[in-house]
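Comments concern the structure below.
Only the coordinates and a few stated rules stand behind these numbers; no lab work does. Note that the structure is a prediction, hence the values are computed from the model and not measured. All Cβ positions, glycine included, derive from the backbone under ideal geometry; neighbour counts span all protein chains shown.
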Amino acid sequence: MAASTRSVSTYDAKTHLSQLLTEVENDRAEVIITRHDRPVARLVPFLDPDSTRTPGALKGQVVVPDGWDEFTAQDDIDWYGHVPDPGDDRDATR
């Protein structure tokens, strides 16, 4: 979450873009850019997706039930609107 949020007009954003970028980068601040007092854009810090992941962070907290990957007749109805005929070769690829 951003450390602080403030609003600036499009004119001020264009005029002071370098300063705003420094503020967002260093202070982790968020800047809302407005046009005629209506928010139109948000300037936020870039978060590198690779740096936010920690392998094993949820170990022991996630439970995958047995049979989670079994395809049932109810799945056929939900996905395709029908239960396949056992003698129908068209459904043999699943």
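Just a few scattered comments:
- Degrees separating the helix 17-27 axis from the principal Cα axis of the chain, which is the longest one: 70
- Percent of beta bridges antiparallel (DSSP, the chain, rounded to nearest 5): 50
- Summary of packing: across the peptides 58-68, 4-14, the per-residue average of other C-beta atoms within 10 Å ranks them, highest first, as 4-14, 58-68.
- Efficiency of FRET from Cβ geometry, residue 53 and residue 21, R₀ 25 Å, rounded to 0.05: 0.45
- In this structure, the amide hydrogen of residue 34, modeled 1.01 Å from its nitrogen in the peptide plane, lies closer than 5 angstrom to those of 8, 9, 10, 40, counting only residues at least 5 positions away or on a different chain.
- Loop-located GluC sites (Glu not before Pro) across the range 2-80 with a Cβ neighbour count of 10 or fewer within 10 Å are 70, with loop assigned by DSSP.
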